[in-house]
1. If I go through the stretch 69-91 residue by residue, how many of them are modelled with pLDDT under 95 and touching a helix residue (DSSP H, G or I) at 6+ places or on another chain (Cβ under 6 Å)?
2. Before we move on, is L371 under 25 Å from the mean Cα position of the chain (by Cα) and part of a helix (DSSP H, G or I)?
3. Conditions: (1) more than 23 Å from Q263 (Cα to Cα); (2) within 24 Å of the chain's Cα centre (by Cα); (3) assigned to a helix (DSSP H, G or I). C87 meets all but one. Number of the miss?
4. Please work out which residue is surrounded by the fewest Cβ atoms within 10 Å (Cβ to Cβ), limiting yourself to the stretch 234-257 and to residues that are in contact (Cβ under 8 Å) with a residue 24 or more places away in the chain and charged (D, E, K, R).
5. For the stretch 138-170: of the residues being in contact with a Cys (Cβ under 9 Å, 6 or more places away or on another chain) and not in a strand (DSSP E or B), which is modelled with the highest pLDDT?
6. Return the pairs, sorted by first residue and then second, in which the second residue is outside any helix (DSSP H, G or I) and among the charged types (D, E, K, R), the first residue lies in the stretch 134-157 and is open to solvent by 60 Å² or more (accessible area, probe 1.4 Å), the beta carbons are less than 6 Å apart, and the residues are 6+ apart or on different chains.
7. Mind counting the residues in the stretch 100-124 that are within 18 Å of I258 (Cα to Cα) and among the acidic types (D, E)?
8. Which condition number in (1) closer than 22 Å to G35 by Cα; (2) surrounded by fewer than 19 Cβ atoms within 10 Å (Cβ to Cβ); (3) basic (K, R) is the one that K393 fails?
Amino acid sequence: MDYKFSEKVAGLQASAIREILKFTSQPGVISFAAGNPAPEAFPTEKIADISAEILKNDPVLALQYSVSEGYPPLRELLKKRMQLKNCFNPDIDDLIITSGAQQANELSCKVLCNEGDTLICESPSFIGSLNAFRSYNVNLAGIEMEKDGMKLDLLEEALKKGTGQKLIYVIPNFQNPTGATMSLEKRKGLYQLACKYDAVILEDNPYGDLRFAGEDVPSIKSMDTEGRVIYSGTFSKILAPGLRVGYVSAPKEIIQKIVVCKQVSDVHSTIWSQIVCERFMTECNLDDHFDKLRSIYREKCGLMLDCMDKHFSDKVIYERPEGGLFIWATLPKGSNMTEFCTEAVRDYKIAVVPGTAFMINESDKTDSFRLNFSTPANEQIIKGIEILGNMTKEKFD
């Protein structure tokens, strides 16, 4: 049968990351293509203990339907934690639990954007959110990235030209895929431009708690005096992604619409996993837990960078992130980056993600690719980077 798909999904393609991950099932492939947290970072024993206690003493609470806004104790805990960082104003804001941060981003687009409206984002940016936005037929406008965030002069040009509701999507901390952190100056400039052109900012912060070097930078949400910043967060990187617990904080009017749209999608996020998150946060020493995570990622990132320094061609440049899960590497200008990534996994059994997977338009060019240091074991990092590095020397030296 010749199926006629809706216009909203007809143009959507499978994630290039997922396609490359198919190669990782082949024997001997070392994958730097995933975006998963380190398995050793999962507090599995504590999650098991909490789950057993819930199912023994309060199973109906965890297994019954609940409110769409989310488990009330978890919501209140998150509000209080965000207030301490000046990211939540109880007079203006509200908060809803979502099934991961990606649902928070998708619902934000759904409630604010009509078809043809302008949604501005960093270029490159996270493919999951980009595909979610594309499903609403918005006009995606990509803004070129620098080491400290998007170019603000180009952002202003896009805001001037953009039609309809203007939503600006950014990942300020250890951005996926580049690992870049937006500077305080650019965060302030971004917010000022949003005020000037009556835009809304969607601040996605999945990696903020994974800073292992440098100094924290205030969130854009903490600068918001006009109710124009939506903030999305997640437990995927600080507990476990399989829990599928995220959250979004925004002005109450926006949250009210997100609640209605979430009811259409899945009624509410899994209550069991929300209770697990709340009890983990109240029963455990979070400072110790975060210190453990940062120690793991500091070691793994440092190991990968040391190996790249040792083995990569000097003609390949790469950034040194201060947190997160990714390193962004750039081949010499004019290289066939896609062919390089394909050859790496096909002939050398090393999987990386081509930068084109994160670009706004298929026609956009990039010489860069993404490496993930959180998922592979240290032994795989040492072996895989030596192989990939020798490949770069064969190609470019």
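1. Final tally of qualifying residues: 2.
2. Details: under 25 Å from the mean Cα position of the chain (by Cα): yes; part of a helix (DSSP H, G or I): no.
When the stated conditions are applied, L371 does not pass them.
3. With (1) more than 23 Å from Q263 (Cα to Cα); (2) within 24 Å of the chain's Cα centre (by Cα); (3) assigned to a helix (DSSP H, G or I) applied to C87, the lone miss is (3).
4. Looking at the filtered set, the residue picked out is K252.
5. This residue is V138.
6. From the stretch 134-157, the pairs are E144/K151.
7. So the count comes out to 2.
8. (1)
The values are calculated or read from the model by the stated rules, or taken from the named source; none is laboratory data. Note that the structure is predicted; figures quoted are calculated from it, not measured. Cβ atoms come from the backbone with ideal geometry, glycine included; neighbour counts cover every protein chain shown. Side chains included, ligands, DNA and RNA excluded: accessible areas come from the protein's heavy atoms. Shrake-Rupley method; radii C 1.70, N 1.55, O 1.52, S 1.80 Å.
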